[in-house]
Amino acid sequence: MKKTKLGEFEELVLLTVLVLREEAYGVEIKRELEHRLKETLSVGSVQSALKRLEEKGYLDSEFGETTLKRGGKRKRIYTVTASGTKVLNEMKDIRTQLWNAIPQASLSF
Amino acid sequence: MVKPRYLEEIEGDMEEVFTDYLEVHSPTRAKRRYIIETLKLLRPSLLRGMSGSYQLNYFGMFKLMVKSATRNYLKHRMVATMSLLTLIFGAVCFQLINAWLQNEQSMDQFHSKSDRIHIAVAKLNPKAELSPLHVQRIFNLDYSKFPQIEKSLIVHTYGEDEIKLIKDEVAFGGKALIADSTFFDFFDFELIRGDQLVLNDPSSIVLTKEFAERVFGNEDPMGKLVSIRCDQTGTYKVAGITANIPSNSSISFDFLVPRQSKSFWRRMPQDLLLVNENFDREAFNQQIESVGRQNARFPESQISTVPLNTVYNDRPFNISLFAKYGDSTSFQTMQFVAVIIFLITLISFVNLQSTLQLTLVKKLGVKQVMGASKFDLGFEIVVSRLLYFLIASGMAYLLYQFTFPWYVNTMGLSLDLYPIRYLFNLLTIIGVVVMISMITSLIQTSKIKTMQAISGEANMLKIPRAQRVMTTIQYTVTILLLVATSVVFLQLRFMLNKDTGLNQANIIKTDFFEMSPNGAQDSLAQQNMERQFQYVMSHIAEQPNVMAVSQGSMPIDFAYQNDWKVVGSQDDYNSINSMSVDPHYRELFGLQLVKGRFFADSLDTNNSPKLVINEAAMKYWGIDDIGQVNLTTNSRSNETVSYNIIGVVKDYHYEHLSQKIRPLVLSYYTYMDSDILIRVKPEKQAEVLAFLEGLFQEINPRGFFTYTAMEEQIAQQYSKEQQTGKIYLALSLVALLLSSVGLFTFAFHETKRRTKEIGIRKVNGANAGNVFWLLSRSFLNSIIIAFVLACPVAWYLMKQWLDNFAYRVGISWWVFGLVGLVVTMVALIAVSWQTLRVAYLNPVDSLRYE
């Protein structure tokens, strides 16, 4: 567990990247997350999460095509690496295990 | 700001977000959100790191640098010590001059209202000199009518021998100002005890701290009773003590007396005006110019004002209220000399350090190969200079502490002894010099290529031409200063030894009787004084050691100006120097007659309308036969009296020798309080003085006997020239020393560089003499060039200076020869220290060198 340190927000970003596939670049990720979380996010928060994930090796990226909307700047399309998928799975397993371990009685509330 | 590799992406994102906002919100709102977003981008993970953050601190590096600088110092002990000494001496000398300059510049500026104080002056006729008269009373000018004048102050000045302060029957002479109660509104002399209103009370008196200590010793003077004696007498209570008069005050006093304590003071006072912002001097002068003409006595008078701030430097008049006057010429000269000293110091230090740097080239090369960047090398230079700065500052401050009192005493300057105030200046000078040397060294290092440095090629670097030029300039300036010093001294000796046409040896001036009190008409006191006067004069004349006694003006004291004209001529009155004498004056000074006769006891009486003039005066009025011409004056109340000229004396010098002999009028016009002049037998002065003192005590049991010897007074007359000479001498020696240090370093480097060459020359048969000359010649060249450059400039400048003197020495060629010889000798000594060593070196050693 120690190796796979993943914050809650980072986990969400990582999942969004998986969901968006080819469309996974900065603003699109932000938009998707805002839509799902129903709250506004800043570019900075998303970007720093992306950079951190890249440094940890869970994300990979390459430049995409340019669009007029972006003032001639290229998009950076993110893809989840193998270790990224692995850590997501681990997180999911841990969560599932924990859910299963909860006694039925306390769940009924 | 953003890490470069993220830049494009984030910029793109921001653009896209902005367009999104634009669709939803108004443009202004979108912009605002954009700015907020941008601020939110400031996160450590996105920002570019601080450059250099990969290195934790410079301490280790710094320690290394200090170590290497110390090692450099120890290895090149000679050059390094000389650099330090240059820096210290240069800075201290510069600061010593600077202290004086600052003092001059700040003259009277400590009075916060100094720029608003003006002095009322008047000219009795358009040709007369400006004199600060009691304008208010003489011309009936009411200052309170002018709204631009805030306050007026009337001050009488009584000199040291005109007023006495008496405490317990003991009389102390001191300079007194009899001032209105507004004195402290005008001037900011600091009161240690008592308050600003102290002069409001007519029974109080204010002493300076110094004078109070003289009078009271360790006692507390406050509240003590003292009395004063001049033309008035009165008893006062000490109610205030001021701090000592600072050296940058042109006005001085020992004690202050409230003017309203007596209704009449005999001395002519000065009117000082404190004006407000609306004061326009031009307009005001025009307004009051003709006010005095209502008075029938002064139909041509002009009244005006003079700002206090100009009095010190312009000396528009000479009154005893001001203890000293400045001299803008010597101020400029000193400024010039200060700049020269600074330049010489700068050039010497920079040259020394650059030369030292040249010897370090190989080391720098090796360091660079080991991976030191240019930055590191530069840093090393900075650290080593910083060490110089610290050491030099500390030592310069110590040296300054010790030399400053000595400097003030020897040069006879009046400067306050607050050296701490000047520490900052010292630091600045040293800082600037070190800074400039640092920059040149950095440039020098950055030019050297690593390969050259290692191969030792750079070790063969010649001294850059610029440095040679600098040294030549240094020597030029030094020779200039030395020539100037010599000429000043020659002129001084000339003036002190010049035959003035007067017998001035063994003459003593003294003064037995004070100005008779104002109410002296009461005959008893007057008769008593007359009896004493006869007693004194006859007793002095009977003395076997006294050769002559006379009453009159000492020839070197200020002659007073009287207005004279020839009776019956159309000319206006002209101010002519006048002196009062008695019939024995001629015998006393050995004056020679050209025509007629001198005053004689048997033929003339005191106050009779007869005159003796000098040859210059005869020429001035174009008089051929003195029997035919009478003179008249308007300066002594009665204008109709015509004066006979009874004789003409041969011209003699009665003023500073910078003046040509001007017309002089002598009249028999003495009072009992006129100075008594005595010529004593050579070697008998002490006995006569003892006798005089006894006689004086007999007449004035409570007074102090004072006297002046004429020769001392003459020496004092030329003290300014003497002071200039001393300062020049000291500074030119410093300049010579510093320049020689520069030359020495060149010799040091050059001999090192050519060691091998000399070895080869010696093997081929050159002897020590050949080698010595070969090495020395190149240095002597720069001195010869400097000499050729300096001579005409020095000749021109000194000719200008000598033109100030009516009687002057010629500038002879041997002055230049002597200076040239001295400079060459000193330079040779500096150079031969190194060259001789190399010249006598065993060729085997010098070939093996490196």
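Using the alpha carbons of the range B:579-619, what is the convex hull volume per residue in cubic angstrom, as a whole number?
Details: hull volume 3.5 nm³, N = 41.
Taking only Cα atoms, the range B:579-619 has a hull volume of 85 Å³ per residue.
Under the Kirkwood approximation applied to all pairs of distinct alpha-carbon atoms, what is the hydrodynamic radius of the range B:114-314 in Å? Don't skip to the end; give the middle numbers.
Numbers: mean 1/r = 0.0557 Å⁻¹.
Roughly 18.0 Å, rounded to one decimal.
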**Prompt:** In debye to the nearest 20, how big a dipole does chain B give about its Cα centre with +1 on each Lys and Arg Cβ and -1 on each Asp and Glu Cβ?
**Reply:** 4860
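Return the ratio Rg/(2.2 N^0.38 Å) for chain B, where Rg is computed over Cα atoms only. Please report the intermediate quantities before stating the final value.
Numbers: Rg = 37.6 Å, N = 850, 2.2 N^0.38 = 28.5 Å.
Normalised Cα radius of gyration, chain B: 1.32.
When B:718, B:796 are ordered from fewest to most other Cβ atoms inside 10 Å of their Cβ, what list results?
Working: B:718 18, B:796 10.
Listed from fewest to most nearby Cβ atoms, that is B:796, B:718.
Average partner chain C-beta neighbours within 10 Å, per residue of A:40-52?
Details: counts 1, 1, 9, 12, 13, 3, 1, 11, 7, 1, 5, 8, 1.
Across the residues of A:40-52, the mean count of other-chain Cβ atoms within 10 Å is 6.
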**Request:** Taking the dipole about the Cα centre of the range B:507-710, with the C-beta of Lys and Arg at +1 and of Asp and Glu at -1, give me whichever of B:590, B:642, B:551 is farthest to the positive side.
**Result:** B:590
**Prompt:** Averaged across the residues of A:75-81, what count of C-beta atoms belonging to other chains lies within 10 Å of each residue's C-beta?
**Reply:** 2
**Asked** Taking +1 at the Cβ of each Lys and Arg and -1 at the Cβ of each Asp and Glu, which of A:84, B:347, B:30 sits farthest along the dipole of the protein assembly as shown towards its positive end, judged by Cα position relative to the Cα centre?
**Response** A:84
**Message:** When the expected Rg is taken as 2.2 N^0.38 Å, what fraction or multiple of it is the alpha-carbon Rg of the range B:507-710?
**Reply:** 1.09
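Checking the a/c ratio against 1.5 first, then a/b against b/c, what shape does the Cα gyration tensor give for the range A:8-102? Numbers along the way, then the final one.
Working: a/c = 2.57, a/b = 1.74, b/c = 1.48.
Prolate.
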**Prompt:** Between residue B:249 and residues 5 or more places away or on another chain, which pairs have amide H atoms under 5 Å apart, with H built 1.01 Å from N, and which residues are they?
**Reply:** B:108
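Between residue B:339 and residue B:796, what FRET efficiency comes out of the Förster formula 1/(1 + (r/R0)^6) with R0 = 22 Å and r the beta carbon distance, rounded to 0.05?
Details: r = 19 Å, r/R0 = 0.85.
For R0 = 22 Å, the calculated efficiency reads 0.70.
Is there a simple number for the mean count of other chain Cβ atoms within 10 Å of the Cβ of residues in B:34-41, and what is it?
Working: counts 1, 0, 2, 3, 3, 2, 7, 6.
Average neighbour count from other chains, rounded to a whole number: 3.
By how many nm would the segment from residue B:587 to residue B:137 grow when fully extended, if each residue of separation counts as 0.36 nm and the alpha-carbon distance is taken off? Before the final figure, lay out each step's value.
Numbers: separation 450, 0.36 × 450 = 162.00 nm, distance 4.31 nm.
Going from the current span to full extension adds 157.7 nm.
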**Asked** Residues with beta-carbon under 13 Å from that of residue B:241, excluding residue B:241: net charge, scoring Lys, Arg +1 and Asp, Glu -1?
**Response** -2
**Complete:** Taking a crude spin-label model, label points 7 Å out from Cα along the C-beta direction, the residue B:641 to residue B:382 distance in nm is 8.4
**Request:** Would you mind checking which residues have amide H under 5 Å from residue B:649's amide H? H placed 1.01 Å from N; only 5 or more apart, or other chain.
**Result:** B:594, B:613, B:614, B:615
**Message:** If you average 1/r across every pair of different Cα atoms in the protein assembly as shown and take the reciprocal, what Kirkwood value do you get, in Å?
**Reply:** 37.4
**Prompt:** Nearest 20 debye, what's the magnitude of the dipole of the range A:8-102 about its Cα centre given +1 on Lys and Arg Cβ and -1 on Asp and Glu Cβ?
**Reply:** 320
**Order by protection proxy (mean Cβ within 10 Å, highest first), peptides B:597-605, B:368-376, B:741-749, B:487-495** = B:741-749, B:487-495, B:597-605, B:368-376
**Request:** Would you please give the residues with an amide H less than 5 Å from that of residue B:204, counting only those at least 5 places away or on a separate chain, with H modeled from the backbone geometry?
**Result:** B:237
**Request:** With a cut-off of 20 Å, note down the residues of the range B:648-673 whose backbone N falls inside the zone around a label point 7 Å from the Cα of residue B:496 toward its beta carbon.
**Result:** B:653-659
**Prompt:** Among B:813, B:621, which comes first, second and so on when ranked by fewest other beta-carbon atoms within 10 Å?
**Reply:** B:813, B:621
**Message:** Under a Cβ-only charge scheme (Lys and Arg +1, Asp and Glu -1), can you give me the dipole magnitude of the protein assembly as shown about the Cα centre, in debye to the nearest 20?
**Reply:** 5560
**Helix runs (DSSP H) in chain B reaching 27 Å along axis by Cα, Kyte-Doolittle at least -1.0** = B:4-24, B:77-105, B:328-359, B:374-411, B:423-447, B:465-497, B:523-542, B:719-753, B:768-802, B:813-839
**Prompt:** How many nm separate the modelled label positions at residue B:219 and residue B:763, each set 7 Å beyond the Cα in the direction of the Cβ?
**Reply:** 9.2
**Complete:** Given the candidates B:671, B:691, B:612, the one whose Cα lies deepest towards the positive end of the charge dipole of the range B:507-710, counting +1 at each Lys or Arg C-beta and -1 at each Asp or Glu C-beta, is B:612
**Fill in**
Averaging 1/r across every pair of distinct alpha carbons in the range B:162-217 and inverting yields a Kirkwood hydrodynamic radius, in angstrom, of 12.5
**Asked** FRET efficiency for residue B:145 and residue B:278, Cβ-Cβ distance as r, R0 = 22 Å, nearest 0.05?
**Response** 0.95
**Asked** Given labels modelled 7 Å from the Cα in the Cβ direction, how far is it in nm from residue B:327 to residue B:447?
**Response** 4.5
**Item:** Paramagnetic reach from residue B:67 in the range B:349-392 [backbone N under 12 Å; point 7 Å along Cα→Cβ]
**Value:** none
**Item:** Note, ³J(HN,Hα) from phi for the range B:217-223, Karplus 6.51, -1.76, 1.60, rounded to Hz, x at Gly and Pro
**Value:** x, 8, 5, 7, x, 4, x
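Sort B:17, B:66 so the one with the fewest other Cβ atoms within 10 Å of its own Cβ comes first.
On the way: B:17 21, B:66 15.
Listing B:17, B:66 from fewest to most nearby Cβ atoms yields B:66, B:17.
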**Item:** Spin-label zone in the range B:154-169 - amide nitrogen under 17 Å from a point set 7 Å from the Cα of residue B:532 along the C-beta vector
**Value:** B:161-166, B:169
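For the protein assembly as shown, what is the percent of antiparallel DSSP beta bridges, rounded to the nearest 5? Each step should come with its number before you reach the end.
Numbers: 73 of 92 bridges.
In the protein assembly as shown, approximately 80 percent of DSSP beta bridges are antiparallel ones.
Could you work out how much longer the chain between residue B:836 and residue B:320 gets when fully extended? Use 0.36 nm per residue separation minus the Cα distance between them, nm to one decimal.
Numbers: separation 516, 0.36 × 516 = 185.76 nm, distance 6.22 nm.
Working it through step by step, the gained length comes to 179.5 nm.
Give the calculated FRET efficiency between residue B:286 and residue B:113 to the nearest 0.05, with a Förster radius of 22 Å applied to their Cβ-Cβ distance. Can you show the working numbers first?
Working: r = 24 Å, r/R0 = 1.08.
After rounding to 0.05, the efficiency reads 0.40.
Where both partners of a DSSP beta bridge lie in the range B:507-710, what percent of those bridges are antiparallel, to the nearest 5?
Values: 29 of 39 bridges.
Antiparallel bridges: around 75 percent, rounded to the nearest 5.
Here, each number is a calculation from the coordinates, and none is a lab measurement. Values in this document were obtained by computation on a predicted structure and should not be read as measured data. Cβ: placed from backbone, ideal geometry, glycine included. Neighbour counts: every protein chain shown.
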